[in-house]
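Novice: First the structure, which I've put down as structure tokens, then a few questions once you've had a look.
Each value in this text was obtained by applying a stated rule to the coordinates, not by laboratory testing. Note that this is a predicted model, so its numbers are computed, not measured. Cβ placement follows ideal geometry from the backbone for every residue including glycine, while neighbour counts extend to all protein chains displayed.
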Amino acid sequence: MSTLELENLTKAYSRKVVPVKELSLRVENNEFLTLVGPSGCGKSTILRVIAGLEQATGGKVLIDGRDVNPLPPKERNIAMVFQSYALYPHMTVYDNIASGLKLRDMPAGEIQKRIQDASQVLGLDPLMDRKPSQLSGGQRQRVALGRALVREPEVFLLDEPLSNLDALLREQVRADLKQIFETQKSPVVYVTHDQTEAMTLSTKMAVLSEGHLQQLGRPDHVYQKPANRFVAGFIGSPQMNLPVLERVENAVLLGDFKIHLPDTMESRPASVVMGIRPEHVRLPRPEDSQTIRGHVFLVENLGMSDLISLRVSGADNIVIRALLPTDATWSREDLELAIPPDTIHWFDADTGARLAD
């Protein structure tokens, strides 16, 4: 068991290119941390600095309280799984998994035992004599994962390991990963731009933007209580509605309609961002007091739901998207939608900071 801690970690390639900026976070044993954010936010750079493949410009990487910055990668006892599998094409599955252990001069009996244990977990027993060219993408990824598991490292690092798989296989391997790492005690740091992976795999999620940590917490908390406008817009699919609205006394104007601000909102700037997820916008019920109307100009069938895009009456430049049941009946020309107050998130239009629920 071990812990991983980053203290004010910074990585700069030049004065203008600083992909990681004073990042601090902690991953306990048996925790699965996912670094998630758009391309270029510093996710993979953080992983490479932890592994020792890149040198930190500032700050510390601590494993069990020990600063490993001065140590080369081979002395950090970290296992890393890459996006590209990185298997030896001339070796069998068995030899690929055993390669790292042989380099450490581990006894043959111990190597065999560790490989057998990992093979049972990953379902690789029938594949041991095959070479990578004879394997599917999902099988190759499991071999790469097996090579990491047999190391019994202090920290696991995974850099977008599912991005090369098709959608169906990605779903299957994602479920496999979740089960495998629930039995591991070492901290896991997983990099992805796919928020579905982040939400389903993580016990803790770090949302990054331009090298800065935007929010750190449980996936459900990040989803339900986004810390700022960026997190609100990035986490969630379909994306949250985030119109900028002008305030009038204790309400904001959404086209021809007034949406009341919560009494608990301490700061009430002249303009605010109203955040509401498409799944929370619904057809009106008798108890609904806040509704809007408009014209539906786009319907996207998602199977169980229709994702509709509505231009709000009195504000043709504002579009609200809603997920409605496919069997619901509604008018495309004049659709009324309810916006439940308890599902609205409020953000400062200038700073993006969260104001109130």
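Novice: Across the chain, how many lysine pairs, 8 or more apart or on two chains, come within less than 16 Å at their alpha-carbon atoms?
Specialist: Count of close lysine pairs: 11.
Novice: On to the next question. P(r) of the chain in 20 Å steps, Cα pairs, percent per bin?
Specialist: Computed distribution, short to long bins: 26, 46, 24, 4.
Novice: Given springs between every Cα pair under 10 Å in a Gaussian network model of the chain, which of 183, 45, 200 has the largest fluctuation?
Specialist: Top of the fluctuation ranking is 183.
Novice: Hey, what do the phi angles of segment 223-240 turn into as Karplus ³J(HN,Hα) couplings, whole Hz, using 6.51/-1.76/1.60 and θ = phi - 60°, x for Gly and Pro?
Specialist: Result, ordered by residue: 5, 7, 10, x, 6, 7, 4, 4, 4, 4, x, 8, 8, x, 9, x, 5, 4 Hz.
Novice: Cut-off 10 angstrom, C-alpha nodes, Gaussian network model of the chain. Which of 266, 75, 31 fluctuates the most?
Specialist: In the Gaussian network model the winner is 266.
Novice: Which whole-Hz ³J(HN,Hα) couplings does segment 142-159 yield from phi under the Karplus relation 6.51 cos²θ - 1.76 cosθ + 1.60, θ = phi - 60°, glycine and proline marked x?
Specialist: 5, 5, 4, 5, x, 4, 6, 4, 5, 5, 6, x, 7, 9, 9, 10, 10, 9
Novice: Can you give the charge dipole size of the chain about its Cα centre, rounded to the nearest 20 debye, using +1 on the beta carbon of Lys and Arg and -1 on the beta carbon of Asp and Glu?
Specialist: Value, rounded to 20: 1180 debye.
Novice: If every alpha-carbon in segment 37-175 counts as one equal scatterer, what log10 I(q)/I(0) does Debye give at q = 0.21 1/Å?
Specialist: -1.31
Novice: Starting from segment 1-77, pick out the trypsin sites (Lys or Arg not before Pro) whose DSSP state is loop and whose Cβ has at most 14 other Cβ atoms within 10 Å.
Specialist: Of the trypsin sites (Lys or Arg not before Pro), the ones in loops of segment 1-77 whose Cβ has at most 14 other Cβ atoms within 10 Å are 15, 16.
Novice: Based on Cα coordinates alone, diagonalise the gyration tensor for segment 241-357, multiply each eigenvalue by 5, take square roots, and list the semi-axes in whole Å, largest first.
Specialist: Whole-Å semi-axes of the equivalent ellipsoid: 25, 14, 13.
Novice: Please list the non-local residues whose amide H lies under 5 Å from the amide H of residue 69, H modeled 1.01 Å from N, same-chain partners needing a gap of 5 or more.
Specialist: Amide H to amide H, under 5 Å and 5 or more residues apart or across chains, residue 69 pairs with 61.
Novice: Still on this structure, I have one more. Take the chain, connect every pair of alpha-carbon atoms lying under 10 Å apart with a spring to form a Gaussian network, then pick out the residue of 33, 307, 145 with the largest mean-square fluctuation.
Specialist: 307
Novice: Another one. List, in order, the whole-Hz ³J(HN,Hα) value for each residue of segment 72-80 obtained from phi through the Karplus relation with A = 6.51, B = -1.76, C = 1.60 and θ = phi - 60°; use x for Gly and Pro.
Specialist: 3J(HN,Hα) across segment 72-80, in whole Hz: x, x, 5, 9, 8, 6, 10, 10, 10.
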